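J.: This is the structure I want to talk about, given as C-alpha cells.
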Amino acid sequence: MALTDCPACGKKISDKSSVCPHCDFGVGDASAEDILRKQNLQRYKKKQSIQNQSLMAVLLFVTGFGLLYWGRPAPGDTQFNIAILTAIVGFMWYVVNRVRLVIIKRFSS
Ligand SMILES: [Zn+2]
C-alpha cells in the first residue's frame, strides 16, 4: 500500500482508497477540472482563514501596545510584562501569516 497526496486537501491518503478520509473528496471519479476547482476552493478558504488570523494578530498587537501606552504600567509589573508579551505575540503572529500568504501566492501562480 503506497501513500499519495489527496488532490483536494493535500493530505496523505492510500492510493487504494477512492474517497479521501480527510475531506471526503472522491479521488477515483474526479476529473482534472474537478480537482483544480476543489484545489482553488481549498486555497481560497485557506487564504481567508489566514487573513482573518492576520486581523486578529493586528488586534492583539494593538491591544498590547494600548495597554502599554494608556495603562502606563511600571516596567517589571505583571501588567507591563503581559502588555509586552501580547504585543510581541501579535506582531510575530502577523509576520507568520504574511509569510504563509506569500508562500500560498507563490505556489498558486
Ligand atoms: Zn482530501
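J.: Once you put a point 7 Å from the Cα of R106 and another 7 Å from the Cα of Y69, both along the Cβ direction, what distance in nm separates them?
T.: 3.3 nm
J.: Determine how large the accessible area of Y69 is when every protein chain is in place; take a 1.4 Å probe and give Å² rounded to the nearest 10.
T.: Counting only protein heavy atoms, the figure is 130 Å².
J.: Would you mind working out the magnitude of the charge dipole of the chain relative to its Cα centre, with +1 at each Lys and Arg C-beta and -1 at each Asp and Glu C-beta, to the nearest 20 Debye? Kindly include the intermediate steps, with their values, before the conclusion.
T.: Details: 14 positive and 7 negative charges, 57 e Å.
The dipole of the chain has a size of about 280 debye.
J.: Could you tell me how many cubic angstrom of Cα convex hull volume segment 27-109 has per residue? The partial results should precede the final answer.
T.: On the way: hull volume 7.6 nm³, N = 83.
Taking the convex hull of the Cα positions in segment 27-109, it is 92 Å³ per residue.
J.: Roll a 1.4 angstrom probe over the protein heavy atoms and tell me the percent of accessible area of the chain that is carbon or sulfur.
T.: 63 percent
J.: Using the heavy atoms of the protein chains and a 1.4 angstrom probe, tell me the accessible area per residue for segment 47-107 in square angstrom. Present the calculation step by step, with values, prior to reporting the outcome.
T.: Values: 4410 Å² over 61 residues.
Heavy-atom SASA per residue in segment 47-107 reads 72 Å².
J.: Given labels modelled 7 Å from the Cα in the Cβ direction, how far is it in nm from K46 to V62?
T.: If labels sit at K46 and V62, their model points lie 2.8 nm apart.
J.: Now, a different point. For the chain, what is the mean residue ellipticity at 222 nm derived from helices alone (per DSSP H run of n ≥ 4: -39500 (n - 2.57); sum divided by total residues; nearest 500 deg cm²/dmol)? Walk me through the numbers before you get to the answer.
T.: Numbers: 2 runs with 71 residues, N = 109.
Using -39500 (n - 2.57) per qualifying helix, the result is -24000 deg cm²/dmol.
J.: Place a point 7 Å from the Cα of V96 along the Cα-to-Cβ direction; which residues of segment 56-84 have their backbone N under 19 Å from it?
T.: Residues passing the 19 Å test: 56-65, 82-84.
The values are calculated or read from the model by the stated rules, or taken from the named source; none is laboratory data. Note that the structure is a prediction, hence the values are computed from the model and not measured. Neighbour counts are summed over all protein chains in view; Cβ atoms, including those assigned to glycine, are modelled from backbone coordinates with ideal geometry. Just the protein is used for accessible areas: all its heavy atoms, side chains included, with ligands, DNA and RNA removed. Shrake-Rupley method; radii C 1.70, N 1.55, O 1.52, S 1.80 Å.
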